Amino acid sequence: MRRAGLVAVVLLAAASAAFADTVHLKTGKSVEGEVTRETEAEIVVALPGGGTLTFRRGDVERITPADAGKAFDRYEQMRKPGTAQALFEAGAWAAFHGMKEQAEKAWRDAIVKDPAHAGAHEALGHVLHEGRWLTPDEHRLATGWVRHDGGWIRREDRERLDQGWEFVDGKLLSPDDAKRARGLVLVDGKWIAKKEIEAAEAARAARDREEKEAEAGRHDPKDDEKLRKAFGDGWRVFVEKRYRLITNVKDDPAEFDRKLVPMIDGFWETYCDTFGVRPVQKTLHNIVVYETQAEYNNAPGSAAGAYGVYQHANEWRPAVLWKMEGLRGSSFTTRHECGHQFVAHYVRKDGEGWFTEGIATTFECAGDVPFQDHLYRWEVVRKAVVEPGGFRIADLVTGKTADRGSIYCLGAAVHLFFLTANDRAYRARYQEYLRSGDTRSPEGLAKAAGKPLAELQTEFEGWVRDLNGRRTIFPPKPK
């Protein structure tokens, strides 16, 4: 009997809990019991275990009635007067007691009775705009908002999105600011991830360390002495950071040696920038300058009749030339032959004549005289492209056009076009072509540039005509 009585008590307690009202507080907590009194000021709850709790109505978020049928009857009773205000109040009571569907119906019915009832409109989320009650969507449309990805944005923001702006973490940002917000950094016109920058900086630091170590061991004075003995009396050696000059030029060393070698030392960056490389130089590069053309012509390995030559097969791999027109002429030739030297050491060992001689010729003009003002070089280009014209890039690449003037002058023009024209639009792709492309294939050149060769030919001709119109016409030299 005692056991049966205990079971009955437990079942009764469970039933009481199952049919208890639930009072949900704004703090997030809830209390179960029977709501015994509900006024505008307070709510009283009788607890299942005895005792009561009283809450301020303002602290209660809603009440979930235990008896839904009884709550619905109360709702219907409140609607019976049929006035807009009665319907509004019935809706408010229903909303407070978790009867959302009934609440919205009562408010809509209130508006039918009184289209201007502010309380019912506000309860439904309507907004008064210019004397009219509008739904939230109607109000957004009326105030300049438009739909976007299932939501709403301002019309001006929609226009910005069309212009490339982006939402990042809920904020509408310009293209550049959006990239910054994603952690990208603008470096030399390109947006790069910080991790990539850190990796590049680490690689640069490692290369700088390697360069410093190489520079420290680059110059061996014993090599200077070997070269002096090899060339004999009247020859001298002058060394800078990257180049070593061996010469018998009779000019004052302060006016020749100490100007020529620093010039070519500084030109190293032009070589690097042209090919897009940053090599570590481990040995000095040698330059041999003869006083006269006759001495140069009679020297082993020289190209008789030429201004200079790069001797890759020589133990010292020197750029060899003779002093033409003093320091200025020697500077042009030095840049040309040291260009060959740089390519052979750091870029590639192969390449057609238009490629090798053309690229070396571009170094003659860099910094001193614009290419179009280089008298005899530009004259070859002008006649081939402008008057009478007919030159084709494809013929130069395949070797169909292979005379000396074309290889040097038109080769240089083609290189300069791809490296500098159209705001350097082709430069990066062309540098890759210079380093590893097929210099015998017109199709390979077109693929590297990313355009049909016929289109490139038209652009090249326009570029030449533009430069020809801007060239400086120098007065003829006196006879």
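What follows is calculated from the coordinates using simple rules that are stated; it is not laboratory data. Computed from a prediction, not measured in an experiment: that's the story for all the values here. Positions of Cβ are generated from backbone atoms using ideal geometry, with glycine treated the same way; all protein chains shown enter the neighbour counts.
Principal axis extents for region 69-136, Cα atoms only, whole Å, descending order, please.
Result for region 69-136: principal-axis Cα extents of 42, 22, 12 Å.
Using the crude model of +1 on Lys and Arg Cβ and -1 on Asp and Glu Cβ, and no other charge, please compute the dipole size for the chain relative to its Cα centre, in debye to 20.
480 debye
Given a Förster radius of 41 Å and the C-beta distance between GLU225 and TYR376 as r, what FRET efficiency does 1/(1 + (r/R0)^6) yield to the nearest 0.05?
0.50
Above 23 angstrom, tally the Cα pairs of region 149-234 and express them as a % of all pairs, no decimals. Please report the intermediate quantities before stating the final value.
Details: 2138 of 3655 pairs.
Here the long-distance tail beyond 23 Å is 58 percent of all Cα pairs in region 149-234.
In square nanometres, what is the average projected area of the Cα convex hull of region 16-66?
Average of the hull's projected areas for region 16-66 equals 3.2 nm².
Let me make sure I get this right: for region 348-472, a, b and c are the square roots of the gyration tensor eigenvalues over alpha carbons, sorted descending. Under 1.5 in a/c it's rounded, otherwise prolate if a/b > b/c, else oblate. Which is it?
In terms of gyration-tensor shape, rounded.
Return one quarter of the surface area of the convex hull spanned by the alpha-carbon atoms of the chain, equal to its mean projected area, in nm².
47.7 nm²
Between TYR346 and LYS80, 0.36 nm times their residue separation minus their Cα-Cα distance comes to what? List each step's numbers first, then the result.
Values: separation 266, 0.36 × 266 = 95.76 nm, distance 9.63 nm.
Value of the extension gain: 86.1 nm.
Rounding to the nearest 10 and keeping the result within 0 to 90°, find how far the Cα-based axis of helix 221-231 lies from the longest principal axis of the chain.
Here the helix axis deviates by roughly 30 degrees.
From Cα pairs below 8 angstrom and at least 6 apart in sequence, can you work out the relative contact order of region 312-417, rounded to a whole percent?
Numbers: 102 pairs, mean separation 30.2, N = 106.
With pairs under 8 Å counted, the relative contact order is 29 percent.
For GLU40 and ARG182, what is the calculated FRET efficiency with R₀ set at 60 Å and r taken between the beta-carbons, to the nearest 0.05?
0.65
Which entries of LYS229/LYS250; LYS26/LYS171; LYS222/LYS349; LYS29/LYS105; LYS179/LYS447; LYS70/LYS100 have Cα-Cα distances beyond 22 Å here? Present the calculation step by step, with values, prior to reporting the outcome.
Values: LYS229/LYS250 18 Å; LYS26/LYS171 31 Å; LYS222/LYS349 29 Å; LYS29/LYS105 29 Å; LYS179/LYS447 31 Å; LYS70/LYS100 16 Å.
Pairs exceeding the cut-off: LYS26/LYS171; LYS222/LYS349; LYS29/LYS105; LYS179/LYS447.
Angle between the Cα long axis of helix 100-113 and the longest principal axis of the chain, 0 to 90 degrees, nearest 10?
Orientation of helix 100-113: about 80 degrees from the principal axis.
With label points built 7 Å along Cα→Cβ from the Cα atoms of LYS70 and LYS171, find their separation and express it in nm.
According to this spin-label approximation, the distance is 5.5 nm.
Find, among the GluC sites (Glu not before Pro) in region 118-200, those assigned to loop by DSSP (not H, G, I, E, B) with at most 11 other beta-carbon atoms within 10 angstrom.
On the way: sites: GLU122, GLU130, GLU138, GLU156, GLU159, GLU166, GLU196, GLU198; in loops: GLU130.
The qualifying sites are GLU130.
Hey, if you put +1 on the Cβ of every Lys and Arg and -1 on every Asp and Glu Cβ in region 16-66, which of LEU25, GLY49, ALA66 ends up farthest toward the positive end of that dipole?
Farthest along the dipole direction, towards plus: LEU25.
Quote the charge dipole size of region 348-472 about the Cα centre in Debye, to the nearest 20; the model charges only the Cβ of Lys and Arg (+1) and of Asp and Glu (-1).
That gives a dipole near 160 debye.
Helix 68-79 versus the longest principal axis of the chain: what is the Cα-based angle in degrees, 0 to 90, to the nearest 10?
80 degrees
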